[in-house]
Every structure is written in structure tokens, then in C-alpha cells.
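So the structure is just underneath, and the comments pick up after that.
We did not get these values from a lab; they are worked out from the coordinates using the rules stated. From a predicted model like this one, the values you see are computed outputs, not experimental measurements. Positions of Cβ are backbone-derived with ideal geometry, glycine not excepted, and every protein chain shown enters the neighbour counts.
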Amino acid sequence: MKRLKSEDGIALVMVLVLAAISLAIMAALVFMLTASTEISGIQKRYKTATDAGKGGADVFYQVIARRGNATDTTNFLSQIYPLDTTKYGVNTPATCTGTNAAGVAMTGLAAKLNTPSSSWSGCDNSVVIDPVTGTSYDMFIDLPSGTGTYRVYAKIVDTLEGNSSGDTGLIKSGVVNANAGEVPAMNKPYVYTIEVDAENPNNPMERAKYSILYLY
């Protein structure tokens, strides 16, 4: 009899094919697990950066309440870091000037907080914050307190002037009714457009940015 074909070695071929399929499945599973871990790490770092940005913004809101008074601002920030002035700072240059509706000229951070941006001169009002350039932001602070894991930068890029002022406690109509003939002025808050940038100094890829519209 003449032998037309041979099935010798077919078992080995099937084993090799099944082994290749198994290896491919295992490689896919390892890749999925690795990618999932990386994505989870990225999300965790971004969430931490966003939380730092929110915390820094809360600090900056309290700086706004001081209306640019250098002494009050410094005293407030020094309560956060009483022994380390390298962890915070107000960088608005004195060359930044502005004039309010009453014709009062102001400089530095006070100009950005109390005068309309239409009157600014020498003030950086771009939305870009460059950590390397100190004049590109108005304030920075390290968070969380004591460790300096994240540094938060903030800058006022636009101001609409109002008639609100810092909290003066309960006075006049705050505790009693107004006297006859008194006409209270309508409250018109200042409107600030604020840029916030939070990042890890040791890894700038861990970063979050906010654009905030704040009324005070």
C-alpha cells in the first residue's frame, strides 16, 4: 500500500497552538491589570491635585477679604506657616497700578483687588501661570500644611469694581432697623476672575487648573 499522508506530530502542533493562545490570553490579562493600575494611579494623583487647588482657592478667598492690606495679608498667611515664610508669598509687583471709581490710585495686589481691570497698568492679566516666573501669579502657598506636597498658585486676571467691603461685624442695620429717612445703598459685589494652578513641585505632571468666577 502507498502511504498518501502522515499525521505524525499533529499532537505537538496542537499543543503549541494551544500554548500560544494561552500565552496571548495571559499577556492580555497582565496588560489589562497593569493599565488598570496606572489609570487608578493617574486618577488618584489628579484628585489629590484638584483637592489641593480647591484648598488653595479657599485660602485666596480669605486673602481677597483683606483687600490687599499688606500687613493683614502677611499676618493671615503667617498663621498657616508661622516658622517658614518660604511656603507662601504674595508676588504681585509694585509696578501693577490701578485707579478706583473714587480716583484713588493703588499698587500691587491692592490694585488688583480694589480697582477695575480696565484701569490697570503694568499688571499681568493673562490666564497663563508659569511657576518659574514669579510675576506671572499673585500668590502661592504650599499644601497640605507642614509637608508642602503641592504648591498652589493663584492670579486675578479680571476685576469688576463693586461697593462691597471687608466684614466689619454687626453694625447699624445689622442689629436694628434703619432710621427713618435712611436710604441703604444697593449692594454691588466685586467680581473677580481667578486662575488657580496646583501642582506637585517634584512631579509637574501631577497638576490641576481652575478658572474661578468669585463674587465678594
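Remarks
- Ellipsoid equivalent to segment 110-165 - semi-axes via the Cα gyration tensor, in Å: 25, 15, 7
- Taking every alpha-carbon pair in segment 1-119 and binning the separations at 5 Å intervals from zero gives 2, 9, 10, 11, 9, 7, 6, 5, 5, 4, 4, 4, 4, 4, 4, 3, 3, 2, 2, 2, 1, 1, 0, 0 percent.
- Pairs from Lys87/Lys155; Lys112/Lys155; Lys112/Lys188 whose Cα-Cα separation, in the structure shown, is over 20 Å: none
- Packing-based order for 51-58, 31-38, 68-75, 199-206, using average beta carbon neighbours within 10 Å, highest first: 51-58, 68-75, 199-206, 31-38
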